Amino acid sequence: MLLFAATFLLVILQPSTGQFPRVCVNMQSLLRKECCPLWEGDGSPCGELSSRGSCQNILLSQAPLGPQFPFSGVDDREDWPSVFYNRTCRCEGNFMGFNCGECKFGFSGLNCTERQLRTRRNIFQLTTSEKNKFLAYLNLAKNIPSQDYVIATGTYIQMNNGSNPMFRDISVYDLFVWMHYYASRDTLLGGSNVWRDIDFAHEAPGFLPWHRAFLLMWEREIQKITGDDNFTVPYWDWRDAEDCGVCTDEYMGGRHHSNPNLLSPGSIFSSWQVICTRSEEYNSQEALCNATSEGPIRRNPGNNDKSRTPRLPSSADVEFCLSLTQYESGSMDKMANYSFRNTLEGFADPQTAISNPSQSSLHNALHIYMNGSMSQVQGSANDPIFIIHHAFVDSIFERWLRKHRPMLEVYPAANAPIGHNRENYMVPFIPLYRNGEFFKSSRELGYDYEYLQEPALESFQDFLTPYLQQARQIWAWLVGAAVVGGIVTAVLTGLIKACRKKKRGTSSEIQPLLIESEDYNNVTYQSNL
């Protein structure tokens, strides 16, 4: 009880990261389309007096989108967040947050100048006390209301373009469940009409960066409400697993003794209520999920459709996926072939990388295997296994980034499905994050994985591998350059020999200087490749 009271005070005192900031959902802010809250440190909008940031117009990407969404002006998530706000805080340096009151991921300290690197660990390698603490933190988040964020219960039109705000409170854990729902929900077209082929967090290039940002924000929320600055999300390494090893009361909840679709009463998660699982009901009512409780978590691992997901992923599946050199390809959706993202997400065969949406592999396989709340996209984050599953998916993404060392330009700048271009802002996060901001090594974002930690000095072979791979791609150019270089060398050698012969007939006393000293400092050596 004391822990609950202490952490409740902490959540009141500290800002958080999520969806609609509570201070920006009043009628005045919505009509002005401005979300530039005061920073308590100096009382100015965005902490401008302390040079933390300033209130600026939002700069939206003008890059063309793919053909998957043939509408415009019908969905509040288009050009996020411009339907609700066109001015927000733009933070400077290492500052971050809806009012620039926080530090960027990977930084801490009063002025956000101290680098931090935390380690995410295998859940089975946690001590009993560490594991119990993790479970308690989850339960705490489920029961503590978010003090800084609320959720929308209606569309902007239903809010009468801002003059009738429709928002409600929600717990810290359910805030993230709702955000996952909101990013993946169908588009309401009016009447009973909906458009289902839309998802701002899945089936396209943003899948991995979006979930990376999602986990980082969730991790930070836990740190805030508990006061445990060293907390990190554990991961579940499910490679070659024969069953759901975490589906026990000791970890994420065992099977109910009389109803295999429910959790054991011995698990703290058996009392949890799910939200945002009735998409067809919302669509028929032209409504958004309002976070009303919809029953207990459902899970029946292994009793899934075997024709769709015959087994859990293997180590070989993961290694093949990591060998793919293209992050994205073709249509950049679930039909993409030879795409690392599409293969890891689970829409392509993990042995050929050819798209096959009728099968669910790798990431998708775990969701289908759980055969319950986790198996429906919009409400999948209700099951706490979602967190440790996606932490491991993120670690595979990290392995690919370290193996191939792609430039930012590898992430598609244009023609991806709506919301997934490099410069698009991620739905529905405020403060704003672009997809490309999370297409980088986890160590730059302040965290690492225990099984990926490397010695201070990598082996020479590992260091050279990515450069040798790049060299293979331009070998023809290198050969040509070598030939040209050889010709130039031969010509210069001939000229030098000719000059030496000429010098033999000239007195050393009257030979001019090759370069005057004042000109020598202006000589530059350039290689025009």
Q: Using only the C-alpha atoms of the range 189-288, find the volume of their convex hull and express it per residue in Å³.
A: 193 Å³
Q: Please give, to one decimal in nm, the separation of the simple spin-label points placed at residue 410 and residue 71, each 7 Å out from Cα toward the Cβ.
A: 3.5 nm
Q: Could you tell me which of the pairs 104/133; 142/403; 104/131 are separated by over 32 angstrom between their Cα atoms in the structure shown?
A: 142/403
Q: Take the alpha-carbon centre of the range 160-231, take the same for the range 65-86, and report the distance between them in whole Å.
A: 16 Å
(Q) Please give me the summed charge of the neighbours of residue 408: other residues whose Cβ is under 14 Å from its Cβ, Lys and Arg +1, Asp and Glu -1. (A) -1
Q) Sorted by mean Cβ packing within 10 Å, highest first, what order do the peptides 333-345, 307-319 take? A) 333-345, 307-319
Q: Sort the following peptides by mean Cβ neighbour count (other Cβ atoms within 10 Å, averaged over residues), highest first: 52-62, 98-108.
A: 98-108, 52-62
Q: Kindly identify the range 86-170 as rounded, prolate or oblate by the Cα gyration tensor criterion: order the square roots of the eigenvalues as a ≥ b ≥ c, call it rounded if a/c is under 1.5, otherwise compare a/b with b/c, prolate if a/b is larger, else oblate.
A: oblate
Q | Theoretical gain in end-to-end length, residue 23 to residue 38 [0.36 nm per residue, Cα-Cα removed] | A | 4.5 nm
Q. What per residue convex hull volume, in Å³, do the alpha-carbon atoms of the range 86-245 yield?
A. 186 Å³
Q: Would you work out what percent of the accessible area of the range 64-153, with all protein chains in place, is carbon or sulfur (probe 1.4 Å)?
A: 49 percent
Q. For residue 280 and residue 62, what is the calculated FRET efficiency with R₀ set at 51 Å and r taken between the beta-carbons, to the nearest 0.05?
A. 0.90
Q.
Tell me the carbon and sulfur percent of the accessible area for the range 160-274, rounded to whole percent, probe radius 1.4 Å.
A. 40 percent
(Q) Let's test the formula: R0 of 45 Å, r as the Cβ-Cβ distance of residue 241 and residue 86. What FRET efficiency results, to the nearest 0.05? (A) 0.40
Q | Cβ-derived FRET efficiency at R0 45 Å, residue 270 paired with residue 351, nearest 0.05 | A | 0.75
Q | Potential lengthening between residue 125 and residue 158 on full extension [0.36 nm per residue; Cα-Cα distance subtracted] | A | 7.0 nm
Q) Given the Cα-Cα distance of residue 257 and residue 136 and 0.36 nm per residue of separation, how much length would full extension add, in nm? A) 41.2 nm
Q) Can you work out ³J(HN,Hα) from phi for every residue in the range 65-71, in order, using Karplus 6.51 cos²θ - 1.76 cosθ + 1.60 and θ = phi - 60°, giving whole Hz and x for Gly and Pro? A) 9, x, x, 5, 10, x, 10
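The values are calculated or read from the model by the stated rules, or taken from the named source; none is laboratory data. Remember, it's a predicted structure, so these values are computed and weren't measured experimentally. Positions of Cβ are backbone-derived with ideal geometry, glycine not excepted, and every protein chain shown enters the neighbour counts. Heavy atoms of the whole protein, side chains included, go into the accessibility calculation; ligands, DNA and RNA do not. Shrake-Rupley method; radii C 1.70, N 1.55, O 1.52, S 1.80 Å.
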